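S.K.: To start, I am sharing the structure in question, which I have written as structure tokens.
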Amino acid sequence: MRVALKLAYIGTEFHGSQIQPNVETVEGELFKALRNLGIIESPKSANYTCAGRTDAGVHALGQVVAFDTDKLNLAIPRVINSELPSGIWVWAHAEVPRSFDARRDAVSRHYRYVMSGKEYDISRIREASKLLLGTHDFENLSRTNGEKSTVRTIERIDARVDGELIKIDVVGNSFLWNMVRKIVTALSMIGKEVRDNDWLLQMLNPEIYEEGIEPAPAYGLTLLKVNYNEKIDWIDDNYSIRRAGDQNQKRILRHRVMAEVLEELISHE
């Protein structure tokens with residue numbers, strides 16, 4: 001049988017999602033857990049696929065992976081989570097057809113970027129984001145990694161103010177390396193009136209205009225959801241969801257305390 005999992009992870013605790021030698025990655029920890037439990041022998045023999053890799057520091061809520069196994073009773077969230085570090089947790093599973101490919105069968109990915117909103121004009125960001133909709137060449141707004149084409153399609157961009165933060169949601173068919181983070185950088189520059197919409201239109205025409213910009217920090221980006229045309233009967237594991245919530249409340253408290261400590265350190269009072 002073939003099983004698909006939805007997993008979440010805190011990207012700042014790992015060196016990216018894709019397995020690499022000598023560093024801790026999300027896939028490295030997942031493969032270790034699946035092997036320890038006897039669910040798979042190896043990713044290759046289990047025909048393992050992943051919806052898409054995320055860079056070091058990037059988080060996920062709805063990453064999707066799939067693999068073949070004959071241990072359906074073990075390939076469930078609460079069992080797998082018993083072998084995973086607390087920064088990764090599986091929260092839903094489903095039986096899928098043998099032909100299911102988590103990456104190739106995905107029709108869109110939904111990312112969200114969260115950043116401080118104090119210094120940006122949200123109306124300028126929203127207006128500029130309209131220029132990115134549709135199919136464009138994003139060579140200037142990505143970091144190429146041997147791709148045959150840098151043309152991608154953006155279906156939706158929403159930018160909204162949430163308290164002192166700005167949240168930018170980006171949905172597209174697929175994304176190039178650093179593409180979402182460089183889109184955020186471009187929109188931020190326009191939001192601060194450092195650049196304008198004419199500049200962004202030039203950036204979308206790399207044949208006649210070339211400029212490199214830095215990607216926005218990785219810690220603000222989350223892969224929220226991967227969408228598929230075919231219906232997948234996901235089974236949420238409420239116990240795993242509650243347990244992850246309890247564990248992450250401790251992280252939230254720690255970061256709140258650290259923010260206060262840092263404020264005191266720089267106040268000189």
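S.K.: Taking a threshold of 29 Å on the Cα-Cα distance, which of the pairs LYS182/LYS231; LYS118/LYS182; LYS148/LYS192; LYS6/LYS44; LYS6/LYS71; LYS118/LYS231 fall above it? Show your work: numbers first, answer last.
M.R.: Details: LYS182/LYS231 32 Å; LYS118/LYS182 20 Å; LYS148/LYS192 34 Å; LYS6/LYS44 20 Å; LYS6/LYS71 18 Å; LYS118/LYS231 41 Å.
From LYS182/LYS231; LYS118/LYS182; LYS148/LYS192; LYS6/LYS44; LYS6/LYS71; LYS118/LYS231, over 29 Å: LYS182/LYS231; LYS148/LYS192; LYS118/LYS231.
S.K.: Just the Cα atoms of the range 126-269: what Rg and Dmax do they give in Å?
M.R.: Reported Rg and Dmax, both Å: 19.1, 59.
S.K.: Where the accessible area of the range 1-155 is counted over protein heavy atoms with a 1.4 Å probe, how much of it, in %, is carbon and sulfur? The partial results should precede the final answer.
M.R.: Details: 3350 of 7190 Å².
Percent of accessible area from carbon and sulfur atoms in the range 1-155: 47.
S.K.: Could you tell me the distance between the Cα centroids of the range 21-99 and the range 167-227, to the nearest Å?
M.R.: So the separation of the two Cα centres works out to 30 Å.
S.K.: With a 1.4 Å probe and all protein chains in place, put ASP237, ASP137 in order of accessible area, largest first. Spell out each step's value before the answer.
M.R.: On the way: ASP237 15, ASP137 40 Å².
Descending order: ASP137, ASP237.
S.K.: Further question on the same structure: Within the range 86-130, which trypsin sites (Lys or Arg not before Pro) sit in a loop by DSSP and count at most 14 neighbouring Cβ atoms inside 10 Å?
M.R.: Working: sites: ARG98, ARG103, ARG104, ARG109, ARG112, LYS118, ARG124, ARG126, LYS130; in loops: ARG98, ARG103, ARG104, LYS118.
Answer in residue order: ARG98, ARG104, LYS118.
S.K.: While we're here: The range 27-124: which GluC sites (Glu not before Pro) are DSSP loop and have at most 13 other beta-carbon atoms within 10 angstrom? Present the calculation step by step, with values, prior to reporting the outcome.
M.R.: Values: sites: GLU27, GLU29, GLU41, GLU83, GLU95, GLU119; in loops: GLU41, GLU83, GLU119.
Passing sites in the range 27-124 are GLU41, GLU119.
S.K.: Give the shape of the range 18-174 as rounded, prolate or oblate, defined through the alpha-carbon gyration tensor: a ≥ b ≥ c are the square roots of its eigenvalues, a/c under 1.5 means rounded, and otherwise the shape is prolate if a/b is larger than b/c and oblate if not.
M.R.: Working: a/c = 2.32, a/b = 1.80, b/c = 1.29.
In terms of gyration-tensor shape, prolate.
S.K.: Same structure, new question: Please work out the average accessible area per residue across the range 98-187, using the 1.4 Å probe convention, and give it in Å².
M.R.: For the range 98-187, the solvent-accessible area averages 48 Å² per residue.
S.K.: State the answer as a single residue: which of ILE213, ASN229, TRP199 lies farthest towards the positive end of the charge dipole of the range 199-269, with beta carbon charges of +1 for Lys and Arg and -1 for Asp and Glu, about the Cα centre.
M.R.: Checking the options against the dipole of the range 199-269, the answer is ASN229.
S.K.: Let me ask something else. Can you show me the helix-derived [θ] at 222 nm for the chain, built from DSSP H runs with n ≥ 4 at -39,500 (n - 2.57) apiece and divided by the number of residues, rounded to the nearest 500. Kindly include the intermediate steps, with their values, before the conclusion.
M.R.: On the way: 6 runs with 74 residues, N = 269.
One gets -8500 deg cm²/dmol as the mean residue ellipticity at 222 nm.
S.K.: For a test of the definition: using alpha carbon positions, the gyration tensor, and the 1.5 limit on a/c, classify the range 229-269 as rounded, prolate or oblate. Spell out each step's value before the answer.
M.R.: Values: a/c = 11.29, a/b = 2.99, b/c = 3.77.
Oblate.
S.K.: Nothing charged except the Cβ atoms of Lys and Arg (+1) and of Asp and Glu (-1): what's the magnitude of the dipole of the chain about its Cα centre? Round to the nearest 20 debye. Kindly include the intermediate steps, with their values, before the conclusion.
M.R.: Details: 35 positive and 39 negative charges, 152 e Å.
My answer is approximately 740 debye.
S.K.: Related question: Sequence gap at least 6, Cα distance under 8 Å: using those rules, report the relative contact order of the range 124-269 to the nearest whole percent. Can you show the working numbers first?
M.R.: On the way: 149 pairs, mean separation 31.9, N = 146.
After rounding, I find 22 percent.
S.K.: With unit charges on the beta carbon (Lys/Arg positive, Asp/Glu negative), name the residue among ALA186, TYR120, GLY62 whose Cα is farthest towards the positive pole of the charge dipole of the chain.
M.R.: The one lying farthest along the dipole's positive direction is GLY62.
S.K.: Using a 1.4 angstrom probe on the protein heavy atoms only, could you order ASP233, ASP158 from most to least accessible area?
M.R.: Working: ASP233 100, ASP158 65 Å².
The residues order as ASP233, ASP158, largest area first.
The values are calculated or read from the model by the stated rules, or taken from the named source; none is laboratory data. Fair warning: this is a prediction, and the values are worked out from it, not measured in the lab. So basically every Cβ, Gly included, is an ideal-geometry build from the backbone, and we count neighbours across all protein chains shown. Note: areas computed on protein heavy atoms with side chains; ligands, DNA, RNA excluded. Shrake-Rupley method; radii C 1.70, N 1.55, O 1.52, S 1.80 Å.
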